[in-house]
1. Which pairs turn up if I take residues in the range 123-144 that are farther than 25 Å from Glu75 by Cα and hydrophobic (A, V, I, L, M, F, W, C) and look for partners that are open to solvent by 10 Å² or more (accessible area, probe 1.4 Å) and in a strand (DSSP E or B) with beta carbon separation below 8 Å, at least 6 apart in sequence or on another chain?
2. Specify the residue that is nearest to the chain's Cα centre (by Cα); the eligible residues are those in the range 147-163 that are in contact (Cβ under 8 Å) with a residue 40 or more places away in the chain and assigned to a helix (DSSP H, G or I).
3. Which residues, counting only those in the range 60-74, are open to solvent by 50 Å² or more (accessible area, probe 1.4 Å) and either within 15 Å of Pro39 (Cα to Cα) or small (Gly, Ala, Ser) (or both)?
4. Report yes if Ala57 is small (Gly, Ala, Ser), within 18 Å of the chain's Cα centre (by Cα) and closer than 30 Å to Val41 by Cα, otherwise no.
5. Determine, yes or no, whether Ala167 is under 15 Å from Ile10 (Cα atoms) and touching a residue at least 12 places away in the same chain (Cβ under 8 Å).
6. For the range 107-122, what are the residues that are in contact (Cβ under 8 Å) with a residue 24 or more places away in the chain and of a type in the set (D, E, K, R)?
7. So the check is Cβ under 9 Å with 6+ separation or different chains; which pairs have a first residue in the range 217-229 that's in contact (Cβ under 8 Å) with a residue 24 or more places away in the chain and a second one that's among the basic types (Lys, Arg) and open to solvent by 10 Å² or more (accessible area, probe 1.4 Å)?
8. When only residues in the range 1-53 that are surrounded by 17 or more Cβ atoms within 10 Å (Cβ to Cβ), free of Cβ contacts under 8 Å to residues at least 60 places away in the same chain and not polar (S, T, N, Q) count, which is farthest from Arg80 (Cα to Cα)?
Amino acid sequence: MDSAPRPIAISFDLWGTLIGSHPDFKAHRNELLRRRLAPDVGPELFTATLRAADRAADEDSMASGADIGYLPRVESALHRLGVRTTISPADAEEMEAEQRGTALAYPPQPLHPDLPRLLTELAEILPLAITSNTGMLPGSLMRDLLHTQGMLACFTVQTFSNEVQFAKPHPGIFQHTLEGLGVQHPASVLHVGDNPQADIQGAASAGMATALVTRTETAASLITSILASAGMPA
């Protein structure tokens, strides 16, 4: 964390900061997509191509500051594979329902088992927010997934890129969070994330204080430190 005074509110990134994918989720989701859209493509090639398209979309999204959602990412993978499949509105609705069911069956996991408890305790002394790029999982689904982990109620503000149409590091997504918190001075809000560009540079461009989490300086250890400084046992 930088040398700013104690924050009056804290914003958290999700993926890589608080949660990670269930180890079985992507395999099940990808196989459903392959069978529906590209049954003649082998599973390994389909998975590798979808992963590459997803990562490229993340890079494009960070460069442009615009959200790139689920269907464009899948369509990009199909284009890379040379599969000329048109995704109809009905197919899109079924695909999103299948992904939702798979995600609820294999929900993301807290990166530390104590995070739900630590966030609950932190929320008792400071307003908390989510500021997250969504990628293939929209905000409506992420809320349900966080609820299953006992984490959703900790966040009074939930800002997801697909809902505000800005993606980190664009300052617009952070501005939505600041407005939701009712904060007049951005420097009094700390944003915590694992991506130096999307989280640290992005939040700093919006005038916020920042904290980069790593494998050794985790969100759990940061929260524990904040609770200790407030005189609360963690």
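1. Leu128/Val157; Ala129/Val157; Ala129/Gln158; Ile130/Val157; Ile130/Gln158
2. Here the answer is Ser161.
3. Ala63, Ser64
4. When the stated conditions are applied, Ala57 passes them.
5. It is false that Ala167 is under 15 Å from Ile10 (Cα atoms) and touching a residue at least 12 places away in the same chain (Cβ under 8 Å).
6. Asp114, Glu121
7. Ile226/Arg6; Ser229/Arg6
8. Once the filter is applied, the top-ranked residue is Lys26.
The values are calculated or read from the model by the stated rules, or taken from the named source; none is laboratory data. Here the structure is a predicted model, which means the values were calculated and not measured. Counting neighbours? That spans all protein chains shown, and the Cβs are built from the backbone with ideal geometry, glycine included. Areas reflect the complete protein model, heavy atoms only, side chains present, ligands, DNA and RNA absent. Shrake-Rupley method; radii C 1.70, N 1.55, O 1.52, S 1.80 Å.
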